[in-house]
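*Asks:* Below you'll find the structure I mean.
The values are calculated or read from the model by the stated rules, or taken from the named source; none is laboratory data. It should be emphasised that the depicted structure is a prediction, and the values quoted were computed from it without experimental measurement. Note that each Cβ is placed from the backbone with ideal geometry, even for glycine, and that neighbours are counted across all protein chains shown.
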């Protein structure tokens, strides 16, 4: 059985996620949280407070964090509105943020391998992430110019 939980950590972060049952070996050591998200709050003009959620284990394999009990200050059950927001943000993050990050890393790896093999950036764009790669190239060129 799993339930939604908010953990206030000693680091100052608030984490929301699905608390998983612990196995007997870990029950006294850590809390397992599936798809945890960091809760970031800010107050805008007029005094309204906004909560942003950001994936805590964005590129992990199983999306489970093991949070040491020594780091947990407070644990509480969130209201339904926060749970609904969290569930939607998990889907949004998976569909847009994570997919884009993976595409960007694959693209960067392809270009880096090409640079390693050929000693220079490719002249022809290989995918939609060309602009970021042009930026990297300009940084490398500026570093070379500084050394000479």
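*Asks:* Would region 62-78 turn up any residue that is surrounded by 13 or more Cβ atoms within 10 Å (Cβ to Cβ), assigned by TED's automatic domain parsing to the domain that holds residue 16, in a strand (DSSP E or B) and in contact with a helix residue (DSSP H, G or I) (Cβ under 7 Å, 6 or more places away or on another chain)?
*Replies:* No: region 62-78 contains no residue that is surrounded by 13 or more Cβ atoms within 10 Å (Cβ to Cβ), assigned by TED's automatic domain parsing to the domain that holds residue 16, in a strand (DSSP E or B) and in contact with a helix residue (DSSP H, G or I) (Cβ under 7 Å, 6 or more places away or on another chain).
*Asks:* Any idea which residue in region 50-61 is farthest from the chain's Cα centre (by Cα), counting only those that are in a loop (DSSP other than H, G, I, E, B) and over 16 Å from residue 12 (Cβ atoms)? Before you say what the answer is, go through the steps one by one.
*Replies:* Initial filter on region 50-61 (in a loop (DSSP other than H, G, I, E, B)): 56-61.
Within this subset, residues satisfying the condition of being over 16 Å from residue 12 (Cβ atoms) are 57-61.
Values: 57: 5, 58: 4, 59: 7, 60: 9, 61: 12 Å.
Only one residue tops the list, namely 61.
*Asks:* Only one of (1) surrounded by 12 or more Cβ atoms within 10 Å (Cβ to Cβ); (2) closer than 26 Å to residue 98 by Cα; (3) at pLDDT below 90 is not met by residue 54, so which one is it?
*Replies:* So the condition that residue 54 fails would be (3).
*Asks:* Which residues, taken from region 70-92, are within 13 Å of residue 8 (Cβ to Cβ) and within 22 Å of the chain's Cα centre (by Cα)?
*Replies:* 71, 72, 75, 78
*Asks:* For residue 86, all conditions in the list (1) surrounded by 11 or more Cβ atoms within 10 Å (Cβ to Cβ); (2) out of contact with any helix residue (DSSP H, G or I) (no Cβ under 9 Å at 6 or more places or on another chain); (3) modelled with pLDDT under 90; (4) not assigned by TED's automatic domain parsing to the domain that holds residue 12 hold save one; what is the number of the exception?
*Replies:* So residue 86 meets the others, but not (3).
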